[in-house]
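J.: Please see the structure below; I have some questions.
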Amino acid sequence: MNPVELIKLKRNGSALTKDQIKFIIEGYLDGRVTDYQMSAFLMAVYFMNMNEEETFFLTEIMLESGKILDLSHIKKPKVDKHSTGGVGDKTSIILAPLVASCGIAVPMISGRGLGHTGGTLDKLESIPGFNVNFPVDDFKRILEKTGLVMVGQTAELAPADKKIYALRDVTATVECIPLITSSIMSKKLAEGAEALVFDVKIGVGSNLPDKEESIELAKKLISTSRKFGKKAIAVLSDMEQPLGMKIGNWLEIEECIEVMNGKMIPDLFKLNNVLAGAMIYAGGMAKNIEEGEKIALQKLQDKSAYNKFLEIVEIQNGDTGYVKDWADLKRPAFSKTVTASEDGFISEMHASDFGFAAIELGCGRKKVDDEIDYLAGIILHTKVGNEVKKGDVICELFSGSSEKLEVSEKRMKDAVKITGSKPADKPLIIDILE
Ligand code: URA
């Protein structure tokens, strides 16, 4: 087969066979298909889509590019959660240790920043020394010892996603249902969980800004899980404005540590609790999500989640001193405030504008090999629905580079809207599908 021929077939709208998809994916891993050909192929899929059967083949081939773990020797329920991607979406950092402290094993394979959305791996790596690349034997050893493990795709686990994910991040090929489905499912099916909870984001800051498409994605994630014999729940949550008050790799870890130490950040707290409840229920340790939420709340309040977090930082070689020292705020050299231009109510904090502004500050990549500025980011001082006076600080921007700060400030120009009357409240949890 010739990669050019296959790109042309997809570009012209044909459905590809399993062998053709296999050639592209395996060829990309062994060098017969180049980065530029894969980019063209992904863009062709973005425009021409894939049908149900092609999406299933793509998922299966990406899954089989690596090992599929058998964790049946671990006698606890094994449950994981994955988000479809948002801005300020840091729930995995709280959820994984929280649910593990409730007696569920959490084998978590996550991704890096993708498009304008942040990634769990980049956030974890903002903790000096934190290792997200372990061979399978170590993955199992850590999971058995602590009840959780938080890693990335490797040469052994979901290698096709590892390579394609990094390319999609910088080629504007993120927002595409078959590519998102195969990316998420190839990781989640490889890691050996029995049940999966999906946090499907809806709104301008999600990877699929169209609501109907997000609902379709939620249904696809559930049906693909079922086809592979996994239980699945999808929580549909609002992503019109950033989640929580902090955006950026270390800043988001810091906010999670604050929550695990009792600080109330209402939207982050609520979403985290519902997702934890869903994971505990999916693991068979509660009769419904509400009962799961009660179990999770107690473990958050008695600091079990924080202690488990410190345990995972230590076992994955992270600097626990750096984490414990969180209250001694770590900030980069340059900062700027964005202030309200008039009196009124905040009616919009456009999540994807905040995400792109964060990338300009150094939180994400524009090229595959860009370096991350781990301390860069944005701290919100207010949220949608709050009243402000002209001159009030809406948010602070932080970066290790004054030039980046200037560019980011310009990117923020239209991100915040103020109106004369208070906007209607919107629900954070839009729906739950089982
Ligand atoms: N999360 C993933 O792992 N992949 C995507 O494509 C989007 C969100």
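J.: Return the residue satisfying two criteria in turn: it lies in region 192-207 and is touching a strand residue (DSSP E or B) at 6+ places or on another chain (Cβ under 7 Å), surrounded by 24 or more Cβ atoms within 10 Å (Cβ to Cβ) and of a type outside the set (A, V, I, L, M, F, W, C), and of such residues it is nearest to A105 (Cα to Cα).
T.: Restricting to residues being touching a strand residue (DSSP E or B) at 6+ places or on another chain (Cβ under 7 Å), surrounded by 24 or more Cβ atoms within 10 Å (Cβ to Cβ) and of a type outside the set (A, V, I, L, M, F, W, C), the top hit is D199.
J.: Test P97 against the stated conditions and say whether it is more than 16 Å from the ligand (Cβ to nearest atom), assigned by TED's automatic domain parsing to the domain that holds E213 and closer than 29 Å to I359 by Cα.
T.: yes
J.: Follow-up. When you look at A40, is it surrounded by 24 or more Cβ atoms within 10 Å (Cβ to Cβ) and either over 23 Å from the mean Cα position of the chain (by Cα) or within 30 Å of V323 (Cβ to Cβ) (or both), yes or no?
T.: no
J.: Sticking with this one: Give the number of residues within region 18-32 that are of a type outside the set (D, E), in contact with a helix residue (DSSP H, G or I) (Cβ under 8 Å, 6 or more places away or on another chain) and surrounded by fewer than 21 Cβ atoms within 10 Å (Cβ to Cβ).
T.: Within region 18-32, residues that are of a type outside the set (D, E), in contact with a helix residue (DSSP H, G or I) (Cβ under 8 Å, 6 or more places away or on another chain) and surrounded by fewer than 21 Cβ atoms within 10 Å (Cβ to Cβ) number 7.
J.: Residues in region 208-217 that are open to solvent by less than 10 Å² (accessible area, probe 1.4 Å) and either more than 12 Å from the ligand (Cβ to nearest atom) or part of a loop (DSSP other than H, G, I, E, B) (or both): how many?
T.: 1
J.: Taking S183 as meeting all but one of (1) more than 9 Å from the ligand (Cβ to nearest atom); (2) open to solvent by less than 10 Å² (accessible area, probe 1.4 Å), write down the number of the exception.
T.: (1)
J.: Identify all residues within region 45-60 that are among the hydrophobic types (A, V, I, L, M, F, W, C) and open to solvent by 10 Å² or more (accessible area, probe 1.4 Å); write none if there are none.
T.: The answer is F47, M48, M50, F56, F57.
J.: What helices (runs of 4 or more DSSP H) lie completely within region 71-175 and have 2 or more residues being more than 12 Å from the chain's Cα centre (by Cα)?
T.: The helices (runs of 4 or more DSSP H) meeting that bar are 91-100, 136-146, 159-169.
J.: Considering only strands (runs of 3 or more DSSP E) fully contained in region 312-428, which possess at least 1 residues that are free of Cβ contacts under 8 Å to residues at least 60 places away in the same chain?
T.: 334-339, 393-399
J.: Taking region 231-269 on its own, how many of its residues are open to solvent by less than 10 Å² (accessible area, probe 1.4 Å) and assigned to a helix (DSSP H, G or I)?
T.: 12
J.: Do we have V170 as away from the ligand (no atom under 11 Å from the Cβ) and at pLDDT below 95 here?
T.: For V170, the condition - away from the ligand (no atom under 11 Å from the Cβ) and at pLDDT below 95 - is met.
J.: Another question, if that's okay. Please specify each residue of region 187-207 satisfying the condition of being under 23 Å from E54 (Cα atoms) and more than 9 Å from the ligand (Cβ to nearest atom).
T.: Of everything in region 187-207, those that are under 23 Å from E54 (Cα atoms) and more than 9 Å from the ligand (Cβ to nearest atom) turn out to be L189, A190, E191, L196, F198, V200.
J.: For region 115-135, state whether one or more residues are modelled with pLDDT under 95, more than 9 Å from the ligand (Cβ to nearest atom), of a type in the set (V, I, T) and assigned by TED's automatic domain parsing to the domain that holds F228.
T.: Scanning region 115-135, I find no residue that is modelled with pLDDT under 95, more than 9 Å from the ligand (Cβ to nearest atom), of a type in the set (V, I, T) and assigned by TED's automatic domain parsing to the domain that holds F228, so the answer is no.
J.: Any chance region 270-292 includes a residue that's open to solvent by 30 Å² or more (accessible area, probe 1.4 Å), acidic (D, E) and within 23 Å of Y306 (Cα to Cα)?
T.: Yes, region 270-292 has at least one match.
Yes or no, residue by residue, for (1) crowded, with 20+ Cβ neighbours inside 10 Å; (2) under 26 Å from the mean Cα position of the chain (by Cα); (3) of a type in the set (V, I, T):
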| site | (1), (2), (3) |
| --- | --- |
| K336 | no, no, no |
| D343 | no, no, no |
| E348 | no, yes, no |
| E360 | yes, yes, no |
| G377 | yes, yes, no |
| E396 | no, yes, no |
| S402 | no, no, no |
| M412 | yes, yes, no |
| V416 | yes, yes, yes |
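J.: Additional query: Can you go through V388, V338 and tell me which one is at pLDDT 95 or above and out of contact with any Gly (no Cβ under 9 Å at 6 or more places or on another chain)?
T.: The match here is V338.
J.: Something else now. Suppose we filter S65, S83 for residues that are within 15 Å of the ligand (Cβ to nearest atom), closer than 19 Å to E156 by Cβ, open to solvent by 10 Å² or more (accessible area, probe 1.4 Å) and in contact with a helix residue (DSSP H, G or I) (Cβ under 9 Å, 6 or more places away or on another chain); which single one remains?
T.: Result: S65 is the single residue among S65, S83 that is within 15 Å of the ligand (Cβ to nearest atom), closer than 19 Å to E156 by Cβ, open to solvent by 10 Å² or more (accessible area, probe 1.4 Å) and in contact with a helix residue (DSSP H, G or I) (Cβ under 9 Å, 6 or more places away or on another chain).
The values are calculated or read from the model by the stated rules, or taken from the named source; none is laboratory data. Bear in mind the structure is a predicted one, so any value in this text is a computation, not a measurement. Virtual Cβ from ideal backbone geometry, glycine too; neighbours counted across all protein chains shown. Keep in mind that these areas ignore ligands, DNA and RNA; they rest on the heavy atoms of the full protein, side chains included. Shrake-Rupley method; radii C 1.70, N 1.55, O 1.52, S 1.80 Å.
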